[in-house]
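A short worksheet on the structure shown next.
The values are calculated or read from the model by the stated rules, or taken from the named source; none is laboratory data. As the structure is a prediction and not an experimental result, all values here were calculated from the model. Using ideal geometry, Cβ is built from the backbone for each residue, glycine included, and neighbour counts are taken over all protein chains shown. Protein only, heavy atoms only, side chains kept; ligands, DNA and RNA dropped before computing areas. Shrake-Rupley method; radii C 1.70, N 1.55, O 1.52, S 1.80 Å.
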Amino acid sequence: MDLYEYQGKQLFARFGIPVSEGRVAASAEEARAAAEELGGPVVVKAQVLTGGRGKAGGIKLADTPEEAEASAGDILGMDIRGHTVRKLWIEKASDIAKEYYLSVTFDRGEKKPLFMLTTQGGVDIEEVAEKTPEALARLHVDPLVGFQPYQARWLCFTAGLDDPNEQKQVTAMVGKLYDAFVGADAMLCEINPLIVTPAGEVKALDSKFTVDDNALFRHHDVDEMRDVEAADPQERLAREKDVTYVKLEGEVGILGNGAGLVMSTLDVIDQVGGSPANFCDLGGGGDAQGVVDALEIITSDPQVKSILFNIFGGITRCDEVARGILEALERMTIEHPIVVRLDGTNAEEGRRLLTEASPENLYVEDTMLSAAERVVELAGAR
Ligand code: GDP
Ligand code: MN
């Protein structure tokens, strides 16, 4: 789960990382009031779950509350890389002497958290890594040993931070960022830019914070930060109905049992020249309610043209799933052509049930490949 900048900064503050004072605003008037309360120059910042807001015009300095109001009016409603701005963060403006970059993320290859620090902040880190890799200090932390203070000093020296006052503040911040990373079960904590003010004060001017979805059960406060309105309508519905669903871009709706089978179904659809509309795992069950819930979500996506059920009966019996499908089709009206492939336990019985009931829009196929070909052909015909 990605957090907005202001939410990430709340977590930063909780772990002792210095950030500027600010307020959330959802209208130009609220932005003006926030600027009045904060006093002095402020920066009006679009809150969207994507980077590069500065370049896109989503970040503006304002000297007075009137200017903040005007900038807020310009930024609200703006589209930044497909994300509509509905919220702003109004923050006390900082004077910037230097812009650094500090992050900690997972290096899956090494199976360890990876810190990166460079004095070339403010710009894209990918660009620094490509053009001047020697300017980027990288360091893995052994998760079993834990973070060691000398590692923060190593990072500072390697990145070329030579001012003792900065070294002291940045080394402290590296330790706190590791605390935040572990404490919040994060996947990424990034500060770009990490600034040094003309007075020599170091603080986080931006925040990119991603928390592991699988750990949200023990971070209810973070879970509540979720902005349900920003999610896809299908994914929102799936979350409400507790269906394992991921929206994709294509036109073939997919349902299967077991994540591995569903993933390979996506591949087969692609292989026969189609494009999957979603990932949806029915899990172990195949009861009518589960099928109804999943079909409701899949068919609410206007891009979906045809639907493929790919079921492998193991502990789940295919005849049960077939009954579930038929019952679901009685309970709801679906106009999309549906292709069903059943294999495994009681597959013959399942196929017989479907063929006997033979709803008009239902096609039974024997193999995964023929089912994929059929469903893609049906999608093309609509
Ligand atoms: P991003 O473009 O989405 O990464 O948004 P950032 O929060 O990193 O802001 C982009 C840029 O705006 C920063 O690199 C700064 O140069 C500038 N900026 C942001 N806040 C302030 C501020 O308080 N004072 C000044 N002078 N510049 C700021
Ligand atoms: Mn940034």
Check: Each label point is 7 Å from the Cα along the Cα-to-Cβ direction; what then is the distance between the points at ASP185 and MET78, in nm?
Finding: 3.5
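Leaving out ligands, DNA and RNA, what percent of the accessible area of the chain is carbon and sulfur, probe 1.4 Å?
Here carbon and sulfur together make up 49 percent of the probe-accessible area.
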Next item on the list: Please report how far the C-alpha centroid of the stretch 156-207 lies from that of the stretch 329-353, rounded to the nearest whole angstrom.
Entry: 57
Next item on the list: Per residue of the stretch 191-199, in order, report the coupling 6.51 cos²θ - 1.76 cosθ + 1.60 (Karplus, θ = phi - 60°) as ³J(HN,Hα) in whole Hz, putting x for Gly and Pro.
Entry: 10, 9, x, 8, 9, 10, 7, x, 7
Item checked: In Hz, Karplus ³J(HN,Hα) per residue of the stretch 248-263 (6.51, -1.76, 1.60; θ = phi - 60°; x = Gly, Pro) -> 10, 9, x, 10, 9, x, 10, 10, x, 10, x, 4, x, 5, 5, 4
Item checked: List ASP74, ASP242, ordered by accessible area with a 1.4 Å probe, largest first -> ASP242, ASP74
Next item on the list: Report MET263's accessible area, 1.4 Å probe, all protein chains in place, as a number in Å² to the nearest 10.
Entry: 110
Note to self: Give me P(r) over the chain, computed from all C-alpha to C-alpha distances, binned every 20 Å, as integer percentages.
What the structure shows: 24, 41, 29, 5, 0
Checklist line | Given charges at beta-carbon only (K, R positive; D, E negative), |dipole| of the chain in Debye | finding: 780
Next item on the list: Name the residue farthest towards the positive end of the dipole of the chain from the options GLY73, ILE195, THR265, assuming +1 on Cβ of Lys and Arg, -1 on Cβ of Asp and Glu, about the Cα centre.
Entry: ILE195
Notebook entry, point to check: Heavy-atom accessible area of ARG382 with all protein chains present, probe 1.4 Å, nearest 10 Å²?
Noted result: 130
Check: Hey, if we sort PHE312, PHE217, PHE12, PHE147 by accessible area with the 1.4 Å probe, largest down, what's the order?
Finding: PHE217, PHE312, PHE147, PHE12
Next item on the list: Treating only the Cβ atoms of Lys and Arg (+1) and Asp and Glu (-1) as charged, compute the dipole magnitude of the stretch 19-84 about its Cα centre; round to the nearest 20 debye.
Entry: 480
Note to self: With a 1.4 Å probe and all protein chains left in place, how much accessible area per residue does the stretch 51-141 have, in Å²?
What the structure shows: 52
Item checked: Between helix 288-299 and the chain: long-axis angle, C-alpha atoms, 0 to 90°, nearest 10 -> 60
Notebook entry, point to check: What whole-number value in Å² describes the accessible area per residue of the stretch 299-355 for a 1.4 Å probe?
Noted result: 45
